[in-house]
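I have placed the structure first, in the form of structure tokens, so that the comments after it can refer back to it.
The values are calculated or read from the model by the stated rules, or taken from the named source; none is laboratory data. On a predicted model such as this, the values are computed, not experimentally measured, just so you know. Here the Cβ positions follow ideal geometry from the backbone for every residue, glycine too, while neighbour counts run over all protein chains shown.
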Amino acid sequence: MENDFPRAEYAKSYMRIDPKVRSLVYAINNFGIRTYGSCEGHMNMRRHRHPWVSLHTDGNIKLLDYGIEEFNRVNFVQWERRPGTIESSTLQPLTYLGMCIYSCSETREEATQEKLNELRVSADMLAEFLNSLRG
């Protein structure tokens, strides 16, 4: 019974993550990379209009970078790991159908719920792809 508590707490911590990026956070954690923030994206102007995951650059970061690069070869939403500090970075979509998607460069009219939903689907697709690399 003692061994069940850490597993239950571990599972509970994933329930606090936005549902639309939970699988991506989990996939990144499976590379031994710690995450410390994430968001599924929101249409509210004060928040990011795209999904993102902030992570430490520990664990198997080279395999993660390889996975992102390979995923980008065959998918219309391109992802990148943007540098933060020496020890951290943020994984987020880079382009959507060839257009920059950073929230600071979009007007409210350009950011649509449909586009956000497609970016969320892409986050799930990236998670599945990364999980396939782990076997």
Worksheet entry | Index of the failed condition, Thr112 passing every other in (1) among the polar types (S, T, N, Q); (2) within 11 Å of the chain's Cα centre (by Cα); (3) at pLDDT below 85 | (2)
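Within the stretch 28-40, is even one residue touching a His at 6+ places or on another chain (Cβ under 8 Å) and of a type in the set (D, E, K, R)?
Yes, the stretch 28-40 has at least one match.
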Response to the item:
The strands (runs of 3 or more DSSP E) lying wholly within the stretch 4-104 that contain at least 3 residues that are within 15 Å of Lys115 (Cα to Cα) and at pLDDT below 90 are 88-96
Worksheet entry | Enumeration of residues in the stretch 43-74 that are under 15 Å from the mean Cα position of the chain (by Cα) and within 18 Å of Val121 (Cβ to Cβ) | His48, Arg49, His50, Pro51, Trp52, Val53, Gly67, Ile68, Phe71, Asn72
Worksheet item: Which of the residues that make up the stretch 40-81 are loosely packed, with under 13 Cβ neighbours inside 10 Å and basic (Lys, Arg)?
Response: Arg46, Arg47, Lys62, Arg73
